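Structure, as structure tokens:
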Ligand SMILES: [Zn+2]
């Protein structure tokens with residue numbers, strides 16, 4: 001009897017959820033927080049950006065996330081998915097979700113590309129299930145590891161990674177990289193704070209095969225820097241990990257590219273950063289200016305990666321086009 005009641009309750013809840021979804025008008029006014037990228041940083045001030053709650057946390061087979069870790073600010077990004085109703089299950093941390101909305105909207109606005117979100121946050125338990133299923137299918141842990149991350153070794157658990165698809169490429173495979181959508185993402189994701197985390201020549205360093213569909217949020221400054229340097233996150237983090245927190249959070253891509261390039265070229269390190277300066281902005285400015293290209297002011301460089309407070313009617317947020325992503329066009333193609 002108890003079972004029957006809980007089954008009925010679950011059915012009732014499911015019906016309510018579906019009704020809610022169907023009732024949502026396509027031209028719904030987006031709540032305040034979805035009208036632009038978040039001005040508030042993902043990590044609280046006391047948290048290091050390199051730790052699990054930070055946007056620069058490095059995760060791989062050697063550097064795993066603890067079993068209990070669940071991000072505190074997971075939300076559903078307002079983006080299209082392959083099938084209606086699927087979007088409810090897709091979660092990302094707030095800052096990454098807002099950035100993904102901008103990325104998808106720009107893909108449509110600038111190149112008329114439709115992108116779908118396929119898989120975002122995955123818990124330790126779900127990853128364990130995926131891995132065990134793969135082990136059963138292929139016969140050994142070693143073979144399974146080549147394509148599926150063991151629990152704790154997937155950055156999907158951080159809530160900062162998203163697997164994406166397009167109507168032309170609904171399977172998550174290498175072919176996505178050859179589609180027009182895949183190429184556009186590879187060329188533009190960094191503008192919105194995402195990197196193509198697992199690239200062709202980096203397998204030995206990242207431990208993962210080429211995955212053109214997997215994007216990782218690291219914030220605009222670091223994404224632009226990694227994109228410009230064309231190095232894996234592992235190498236990048238190795239060279240910036242010793243920088244003080246205010247530099248990691250407030251530096252521009254020019255500064256990070258300059259510092260990492262100097263280190264890669266084994267130049268004697270000329271830049272040193274006080275751990276707690278009286279005027280952090282002045283320190284960052286002085287450190288960045290030598291790396292700025294001619295004609296680029298420090299303010300322009302800073303604005304390009306930390307545009308806060310943002311203009312309310314900036315060119316990057318077009319609500320009409322953004323809304324159309326989850327109404328008519330995407331739905332037609334998905335079915
Ligand atoms: Zn992925």
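Each value in this text was obtained by applying a stated rule to the coordinates, not by laboratory testing. Treat the numbers as computed from the prediction; the structure is a model and nothing was measured. Ideal geometry is used to build each Cβ from the backbone, glycine not excepted, and the neighbour counts take in all protein chains shown.
Fully extended, how many nm does the chain gain between residue 304 and residue 52 (0.36 nm per residue separation, minus their Cα-Cα distance)?
Result: 88.1 nm gained on full extension.
What does the C-alpha gyration tensor say about the overall shape of region 112-259? Classify as rounded when a/c is under 1.5, otherwise prolate if a/b is larger than b/c, or oblate. Display every interim value, and only then the final one.
Details: a/c = 1.97, a/b = 1.36, b/c = 1.45.
Note, shape of region 112-259 comes out oblate.
If packing is taken as the average count of other Cβ atoms within 10 Å, what order do 235-245, 292-302 fall into, highest mean first? Write down the numbers at each step before the final one.
Numbers: 235-245: 16.5, 292-302: 12.4.
Taking the mean over residues of other Cβ atoms within 10 Å, the ranking is 235-245, 292-302.
Which length gain, in nm to one decimal place, applies between residue 132 and residue 180 when the Cα-Cα distance is subtracted from 0.36 nm times their residue separation? Mind dumping the intermediate values first?
On the way: separation 48, 0.36 × 48 = 17.28 nm, distance 3.41 nm.
That pair, residue 132 and residue 180, stretches by 13.9 nm at full extension.
At a 10 angstrom cut-off on C-beta neighbours, averaged per residue, how do the peptides 128-137, 100-109 rank from highest to lowest? It would help to have the intermediate numbers written out before the result.
On the way: 128-137: 15.0, 100-109: 22.2.
Averaged packing, sorted descending, gives the order 100-109, 128-137.
Output the direction-averaged projected area (hull surface divided by four) of the convex hull of the alpha-carbon atoms of region 104-173, in nm². Please list the in-between numbers first.
Working: hull surface 21.4 nm².
So the mean shadow area of the Cα hull is 5.4 nm².
Which ordering of 303, 184 is given by a fewest-first count of other beta-carbon atoms within 10 Å? List each step's numbers first, then the result.
Working: 303 13, 184 19.
Exposure proxy ranking, most exposed first: 303, 184.
At 7 Å along the Cα-to-beta-carbon direction for both residue 84 and residue 63, put a label point, then send me their distance in nm to one decimal.
With each label placed 7 Å out from Cα toward Cβ, I get 4.3 nm.
Work out the FRET efficiency for residue 110 and residue 234 from their Cβ-Cβ distance, taking R0 = 30 Å, and round it to the nearest 0.05. All intermediate terms of the calculation are to be shown ahead of the outcome.
Values: r = 31 Å, r/R0 = 1.03.
Efficiency at R0 = 30 Å is approximately 0.45.
For residue 281 and residue 187, FRET efficiency with R0 = 25 Å and r from the beta-carbon atoms, rounded to 0.05? Spell out each step's value before the answer.
Details: r = 32 Å, r/R0 = 1.26.
So the FRET efficiency works out to roughly 0.20.
Can you compute the modelled spin-label distance between residue 297 and residue 173, with each label point 7 Å from Cα toward Cβ, in nm?
Taking the simple label geometry, residue 297 and residue 173 are separated by 5.2 nm.
Can you pull the semi-axes for region 242-313, root of five times each eigenvalue of the Cα gyration tensor, sorted largest first, whole Å?
Values: eigenvalues 98, 48, 22 Å².
So the equivalent ellipsoid measures 22, 15, 11 Å along its semi-axes.
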